[in-house]
Structures are given as structure tokens and as C-alpha cells.
Amino acid sequence: MTSPEPGAAVTSREPPPVERFRPADLDEQDWRKLRATCPVSHVTTPDGTDVWLVSRYKDIRKVLGGQVFSVSPIDLERGGGTAEANESIFQDPPEHTRLRGLVAGPFAVGYVERYRDTIRAKADQLIEAMGAAGAPVDVMAGFAKPLTMNVIAEVVGVPEPDRGMFQELSDQLLVPLSEAQGVIALEGWKQLNDYVRDLIAERRRTTGHEGADLLAHMIRAQENEGTVDDVELATMVLGLPVAGYVSTANAIAVAMRYLVEFGWLAELRAAADPAELRKQFVEEVLRIQSGDNGESMPRFASEDVQVGEVTIRKGDMVVAPLIAANRDEELFADPDTFDPRRPGLIRHIAFGFGIHRCLGANLARLELQVVIDALTECGLDFEMVEAWKAVPWKVNMLGDRFPERMVVRVRTP
């Protein structure tokens, strides 16, 4: 694999990304009843697809972590996954192993810690702006989304002047292609694709591999090791910001709800051991909001395999929802109740499990921790203007459910 000449054009893959099956497409389930009566259930999705639905924590971990499960449909004759290389980490080994290894470094826990001060400064700036607004403010538009986009853009290497445009195009893209906005989403993809192509070319002409961001990291890998080609480089740079900001913004909205509506902001401020309770609060937010974030990709059995009391046949599709695992009463007592003081929180799998565990888990956790610190220490109080159940929600093509708005009134005590 050879590196292109400086200034050479870079193209990313065509066509734009295809919507994937989402467990959120299934009808709302009574997970407790399913676990008690039929923990591995045969169900049909709204589009007529027959799948196995797994509802116990231990079985979900087996599916997500099991080597016999592929992320692509199985060729029943040769036994392997059928998907062609898609230039992203959403494929089976060995290509997944190569690409995951390439981008894992910039998302390691020790590496992302360098962004703590940057995240805090941006959070403080946005909170100050909300306090100065003099009118009710939308937490999603005025805090959660600009904060998380700024963070992922900083990590990836999107210049600060471009981040507003990058967020706008990402929002334009992140709608289900089946909806009327599909044409808008396709145009958003094209514009974002062109921007990433030009950004990579510009970096090669200027700073190239210099810097600590993901783009510099990948250009170095291309120049020094030849381990990534142009299409992979562009696709990864394009996909990570899009995938990495909405789910964290959603988690911030969920956190804000419990801080405000359930009085946890005052509780955290009054805590005898605030650091520990804030950390537990973040983990409970992650656990409770599973199901609003993009779910794990469906899996396909590459051979006959026993899950629970059921034999799943080679080629069968299996859905292992994170919400079911994280609401399993065998691990979490009274699982539908928000309780940061509950024992065993570390066992949640809000970021998935196995080799496809969320690449940005460390960054998302850091963002939430910094946000909770900033909100707890800001000296402002908040009041929800609209009931949580009245807020309109959307589902995007990646499977994320997110509130369209979250309006609060800001007060100085």
C-alpha cells in the first residue's frame, strides 16, 4: 500500500451509508416477562425479518462476545460473512482487527484524558451562555450537541472554524433514509464527504502527520506503515464524528433530566463524598439510557450454537439489545429505577461488549464526568419547562434515539 503524493485527491466510499437494522425497530418489549418465560424468543420485525431476540444479560454477553457470531449475513455454503469490506470497523476480523487497532490509540483512556481541560472550558462557556440568555434555553441545541461535537471534532482534527458546519451537515445526515428527509440526508452525505476529502488533502499540504489528533495519527500510519489506504482513511474520518457525538449528547440530556427533575443536582452538591457519587451518577446514566443510544449491531450465527435453552442455527440473525442486559433484575435490583448508589454498576454494558465494544467509550465517559462536574459546580439552578414524556424524539440511521429539544429555565440561587 503506497501513500498518495502530497495534494493528491482523496475519495471516500460511495454510495452513502446504508441504514442498519435496529433493535429499536422491534415493538416495545416487557423484558422482565421475556426473561421469565422465553429469554431467547423468535420474533418478527416490522419489515418481516425473522430474528432471535435475546433478553438475559449473560446470553447477550455471549452473543456480543462470541466468536461464532458475525456482524454480516452468513454464506451458508462457505460459512463466512458475506459483507464486502466497507472501509470501517463495522466488519469481522481480520479487517476489523486491523482497522480497530489503527484507531484505538487516540481513544485509549490515558490518551483521551488530555482533553479534560478543553472539555471543561467549553462546558463552562456554554453553561455561562445559558445562564446569560435571560429566557428558557434548549439544552440539546445550546449545550449538549455543540459540546459533544466540539469534543469529537477536536479529537479527530476538524478545525474549530469548521465545527459549526460539520455539526449542521452531521445533523442533516443523521435521519433515517426511509423518511422524507432522505434526499436531504443524501445531500448532507455528499457535502460531508467532499469536506473530509478536502480536509485530508489540506492536511497533507500543510501540517501532514504533525499533531496528536486522529487525522495526524492515521496519516502517519499511512506514510510510515502503509496500513491504511485513502478510502479507509477518509471513511474513518467521516464516520467517527458522525457516530460519536449524537449518542453522547443524548446521554447528557438524560443526565440533565435526572439532575433537574429528580433533584440529583442538589444531591450531588450536598454529598459528603461528591467525587465518588458523581462518578456513580455517570455510570447510572449510562446504564439507564441504554436503548436510547444506538444498539449493538445484529449478529449472524456462523455455525449452530446454543444460547440459553435454544439452538440457534447457522445463518440465523440474533438481536442482543443493550437495554435488556442493563435492565436485567438478576444483576440490578429494581432496574427501572435510577439509583447511582446501587451496587455493581460497573457491570453494565452500555457501550456494548466484545470486539465491537464502542470505540469512543473512554471519551464519552470522560465527557459525562466533566459535564456533571461543570453543572454541579456552576452555581446555577435549572427547571424543566416541558415534561420529559412530552418531548418529541427521533431515531436516526445509526439507531440513536434522541430528544429533539430539552427546554429548561435557568435561575441564579
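Mind listing whichever residues of region 44-72 are touching a residue at least 60 places away in the same chain (Cβ under 8 Å) and among the β-branched types (Val, Ile, Thr)? Within region 44-72, 49, 51, 54, 60, 63, 68, 71 meet the criteria. The set of residues from region 94-107 being farther than 17 Å from residue 157 by Cβ and of a type outside the set (D, E, K, R) comprises 94, 96, 97, 99, 101.
Go through region 267-286 and give me each residue that's free of Cβ contacts under 8 Å to residues at least 60 places away in the same chain and touching a helix residue (DSSP H, G or I) at 6+ places or on another chain (Cβ under 7 Å). It would help to see each step written out before you state the result.
Here is the first cut: in region 267-286, the ones free of Cβ contacts under 8 Å to residues at least 60 places away in the same chain are 267, 270-273, 275-276.
271 - this is the single residue of region 267-286 that is free of Cβ contacts under 8 Å to residues at least 60 places away in the same chain and touching a helix residue (DSSP H, G or I) at 6+ places or on another chain (Cβ under 7 Å).
Within region 272-285, if we keep just the residues that are at pLDDT 95 or above and of a type in the set (A, V, I, L, M), the residue that is nearest to residue 368 (Cα to Cα) turns out to be 282. Selection of first residues in region 295-319 that are on the phi > 0 side of the Ramachandran plot and of second residues that are assigned to a strand (DSSP E or B), restricted to Cβ pairs under 9 Å at least 6 apart or on distinct chains, gives the following pairs, ordered by first then second residue: 308/40; 308/54; 315/74; 315/300; 315/301. With the requirement that a residue be among the charged types (D, E, K, R) and surrounded by 14 or more Cβ atoms within 10 Å (Cβ to Cβ), what does region 99-133 give you? Listed by number, the residues that qualify are 100, 116, 120, 122, 124. Taken across region 225-236, residues that are touching a Gly at 6+ places or on another chain (Cβ under 9 Å), in contact (Cβ under 8 Å) with a residue 12 or more places away in the chain and either of a type outside the set (Asp, Glu) or over 22 Å from residue 119 (Cα atoms) (or both) do occur, with at least one present.
Take the conditions surrounded by fewer than 17 Cβ atoms within 10 Å (Cβ to Cβ), in contact with a helix residue (DSSP H, G or I) (Cβ under 6 Å, 6 or more places away or on another chain) and under 29 Å from residue 122 (Cα atoms) and apply them to residue 380. Does it pass?
Against the criterion (surrounded by fewer than 17 Cβ atoms within 10 Å (Cβ to Cβ), in contact with a helix residue (DSSP H, G or I) (Cβ under 6 Å, 6 or more places away or on another chain) and under 29 Å from residue 122 (Cα atoms)), residue 380 qualifies.
With respect to the conditions (1) modelled with pLDDT under 90; (2) under 16 Å from residue 320 (Cα atoms); (3) not in a helix (DSSP H, G or I), residue 24 falls short on a single one, namely (3).
Here the condition is being closer than 28 Å to residue 392 by Cβ and touching a helix residue (DSSP H, G or I) at 6+ places or on another chain (Cβ under 8 Å); of 228, 254, it holds for 254 alone. For region 121-146, filtering for residues that are over 20 Å from the mean Cα position of the chain (by Cα) and among the β-branched types (Val, Ile, Thr) leaves 2. Of the listed requirements (1) surrounded by fewer than 19 Cβ atoms within 10 Å (Cβ to Cβ); (2) at negative phi; (3) in contact with a strand residue (DSSP E or B) (Cβ under 9 Å, 6 or more places away or on another chain), residue 402 misses just one: (1). Check whether at least one residue in region 208-227 is of a type in the set (Ser, Thr, Tyr), in contact with a Leu (Cβ under 8 Å, 6 or more places away or on another chain) and over 25 Å from residue 252 (Cα atoms), and report yes or no. Within region 208-227, one or more residues are of a type in the set (Ser, Thr, Tyr), in contact with a Leu (Cβ under 8 Å, 6 or more places away or on another chain) and over 25 Å from residue 252 (Cα atoms).
Any idea which of 338, 351 is surrounded by fewer than 22 Cβ atoms within 10 Å (Cβ to Cβ), more than 18 Å from residue 72 (Cα to Cα) and in contact with a Cys (Cβ under 9 Å, 6 or more places away or on another chain)?
Working: 338 fails: in contact with a Cys (Cβ under 9 Å, 6 or more places away or on another chain).
Result of the check over 338, 351: 351.
Exactly one residue out of 135, 123, 141 is out of contact with any Gly (no Cβ under 7 Å at 6 or more places or on another chain) and not in a helix (DSSP H, G or I), and it is 135. Does region 293-306 contain at least one residue that is at pLDDT 95 or above, aromatic (Phe, Trp, Tyr) and within 25 Å of the chain's Cα centre (by Cα)? No, there is no match, as no residue in region 293-306 is at pLDDT 95 or above, aromatic (Phe, Trp, Tyr) and within 25 Å of the chain's Cα centre (by Cα).
The values are calculated or read from the model by the stated rules, or taken from the named source; none is laboratory data. All values reported here derive from a predicted model rather than from experimental measurement. Please note: Cβ atoms are built from the backbone with ideal geometry, for glycine as well, and neighbour counts cover all protein chains shown.
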